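Following: one structure in structure tokens, then a few remarks.
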Amino acid sequence: MASPQPSSANRSSLKDHNIIIYSADFLSLCLLLSLLSTVVYAHAFSGVEERKGVKSDLFPEILRDEAVTQLIELGKVSDADGYLERTFWSPASVRAGNIIRIWMEDSGLITWVDQMGNVHGRVEGMNASAKALLIGSHLDTVIDAGIFDGSLGLISALSALKVLNITGRLGKLSRPVEVIAFSDEEGVRFQSTFLGSAAIAGILPVSALQIRDKSGVTVQDVLKENSVDITEENFFQLKYDPESVWGYVEVHIEQGPILESVGLPLGVVKGIAGQTRLKVTVRGSQGHAGTVPMSMRQDPMAAAAELIVLLESLCKHPENFLSYDGHCNGFAVESLAGSLVCTVGEISSWPSASNVIPGQVTFTVDIRAMDDMGREAIIYELSNRMYQICDRRSVSCNIERKHDANAVACDTGLSLQLKSAAYTAMKRMAGVVLDDVPVLMSGAGHDAMALSHLTKVGMLFVRCRGGISHSPAEHVLDDDVWAAGLAMLSFLETHL
Ligand SMILES: NC(=O)N[C@H](N)C(=O)O
């Protein structure tokens with residue numbers, strides 16, 4: 001492998017040192033130069049220490065130290081005691097939005113909050129009429145969340161913009177840049193997901209205002225509780241004009257194990273799996289746990305248990321269930337390979353008492369796959385078999401589609417720019433010439449899915465420990481936070 005060559009700047013420093021070579025043979029000359037260039041190259045790109053008299057151009061104090069401090073601070077803003085939870089327009093989400101606004105203003109941005117609770121920070125740059133670069137992620141969380149999911153994308157963008165600001169280059173951006181902290185990506189409260197980003201993308205139907213949470217409160221009720229007067233007119237004004245947007249970029253933790261397995265901090269996202277959420281309600285005959293004979297029960301909990309085990313089998317071995325019946329064929333099975341996942345993470349029963357046979361059981365099914373047709377085939381097959389099982393058990397079954405988002409392919413050109421930015425960041429940090437930046441698929445959903453209906457989208461993934469997410473065990477190394485900020489800085493510098 002060829003030894004690393006010093007850059008032109010380093011080459012002049014060799015001359016300045018008046019290194020005088022007396023009749024050394026050619027090999028010893030090469031050995032000496034190779035040794036020196038390795039030392040100079042490593043020092044030039046190591047970045048981890050201040051070069052004499054020259055402030056590091058890797059800005060660890062902002063892109064790493066301050067960013068990590070902010071992640072920890074934001075991770076403490078919760079609606080719950082003892083674990084992290086922030087849902088759509090909840091008190092903690094409002095507090096988190098106010099903190100993010102302060103950080104946006106500290107980065108030199110003009111800020112505002114829209115009717116759906118999205119927090120915006122914008123700088124016009126040198127040409128306010130140019131198409132804007134949107135950068136975003138979500139400020140809401142799942143229940144018992146980690147502190148990096150969503151927040152890392154926002155903080156890495158704001159720390160990169162802060163570096164541009166303190167180096168006097170923020171005003172030199174060739175186009176407006178707007179950071180958006182979206183209010184509801186996880187969809188925990190209303191099972192809707194993308195309430196904030198879908199409104200910006202113009203794909204949120206006004207009927208979404210009437211979606212109810214478990215206690216019957218509507219989205220519109222929540223907005224009114226927060227003194228937000230949403231009307232059909234100002235609802236549609238939230239939509240951005242596609243002609244005013246250049247593209248959308250999102251940095252997010254990988255929430256998977258690939259980057260850790262290849263030993264790199266950053267990767268580029270090629271596509272995002274489609275997803276569907278189904279609300280399944282099974283109704284039976286409520287009764288006394290001690291007196292109703294087993295043979296006479298219409299037990300929705302036992303039925304739900306059978307349905308959930310069916311779901312697992314169907315998603316583990318779709319080939320055993322999907323056959324050509326006019327609704328799907330072998331293509332659907334092959335296209336599902338590897339990306340089909342199904343989860344029931346939420347279930348409730350009424351009256352939920354240990355000595356009562358439930359009258360009703362409700363659970364949510366989360367189905368994901370890279371292939372939309374294959375996912376539809378799974379939903380069709382699952383529904384069919386659910387109704388058959390419920391008929392056999394003399395219970396009723398209602399399946400309601402709560403959320404659909406088709407698979408999204410990231411824009412090739414934008415992804416190449418992000419790949420180059422990631423390469424630059426990793427090389428500047430580690431001084432290692434990388435073969436290539438990993439390219440990955442995302443099983444997790446992201447606001448980029450909604451924004452793909454408005455403009456071209458690209459995503460960068462950041463390594464997270466063990467691929468763990470949607471858990472307080474979620475963790476990102478400080479230097480990987482730094483790499484994310486450096487990549488965003490490198491990307492933004494291409495817009496100067
Ligand atoms: N809308 C979503 O998919 N939200 C999360 N990011 C998820 O992947 O579940």
Q) If you put +1 on each Lys and Arg Cβ and -1 on each Asp and Glu Cβ, how big is the dipole of the range 274-405 around its Cα centre, in Debye rounded to 20? A) 500 debye
Q: Take every DSSP beta bridge with both residues inside the chain and express the antiparallel ones as a percent of the total, to the nearest 5.
A: 70 percent
(Q) Hydropathy at least 1.0 by Kyte-Doolittle, axial extent at least 15 angstrom from the Cα trace: which helices of the chain, defined as entire DSSP H runs, fit? (A) 26-46, 151-166, 300-316
(Q) For the chain, what does the convex hull of the Cα positions come to per residue, in cubic angstrom? (A) 177 Å³
Q. Within the chain, which is the longest segment containing none of the GluC sites (Glu not before Pro) that sit in a DSSP loop and have at most 15 other Cβ atoms within 10 Å?
A. 51-496
Q. From the residues Ser159, His453, Gly97, which one has its Cα farthest along the dipole of the chain in the positive direction, the dipole being from +1 and -1 charges on Cβ of Lys/Arg and Asp/Glu about the Cα centre?
A. Ser159
(Q) Sorted from largest to smallest, which semi-axis lengths in Å does the alpha carbon gyration tensor of the range 119-184 give for its equivalent ellipsoid, taking the root of 5 times each eigenvalue? (A) 26, 13, 6
Q. Can you give the alpha-carbon Rg of the range 212-328 over 2.2 N^0.38 Å, where N counts its residues?
A. 1.77
(Q) Using 25 Å as the Cα-Cα cut-off, could you pick out the over-long pairs in Lys76/Lys402; Lys214/Lys270; Lys131/Lys239; Lys214/Lys456; Lys316/Lys456? (A) Lys76/Lys402; Lys214/Lys270; Lys214/Lys456; Lys316/Lys456
Q.
Over the Cα atoms, compute the radius of gyration (one decimal) and Dmax (the largest Cα-Cα distance, rounded to a whole number) for the range 145-244, in Å.
A. 16.7, 51
Q) What full-extension length gain, to one decimal in nm, is calculated for Ser352 and Glu243 as 0.36 nm per residue of separation minus the Cα-Cα distance? A) 34.0 nm
Q: Grab the Cα-Cα distance for Thr281 and Lys427, subtract it from 0.36 nm times how many residues apart they are, and report the gain in nm with one decimal.
A: 47.3 nm
(Q) Distances longer than 13 Å among the Cα atoms of the range 180-229: what percent of all pairs is that? (A) 58 percent
Q) Which value, in debye to the nearest 20, gives the size of the charge dipole of the chain about its Cα centre, when Lys and Arg are +1 and Asp and Glu are -1 at the Cβ? A) 360 debye
(Q) If you wrap a convex hull around the alpha carbons of the range 275-420, what volume per residue comes out, as a whole number of Å³? (A) 128 Å³
Q. Which Cα, out of Ser420, Ser471, Ile399, lies furthest along the positive dipole direction of the range 382-496 (beta carbon charges, K/R +1, D/E -1)?
A. Ile399
(Q) How much length would be gained if the chain were fully extended between Gln220 and Glu105, taking 0.36 nm per residue of separation minus their Cα-Cα distance, in nm to one decimal? (A) 38.5 nm
Q | Alpha-carbon gyration tensor eigenvalues x 5, square-rooted, for the range 411-496, Å | A | 20, 20, 11
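Read the figures in this text as sums done on the coordinates, not as results from a lab. As the structure is a prediction and not an experimental result, all values here were calculated from the model. Counting neighbours? That spans all protein chains shown, and the Cβs are built from the backbone with ideal geometry, glycine included.
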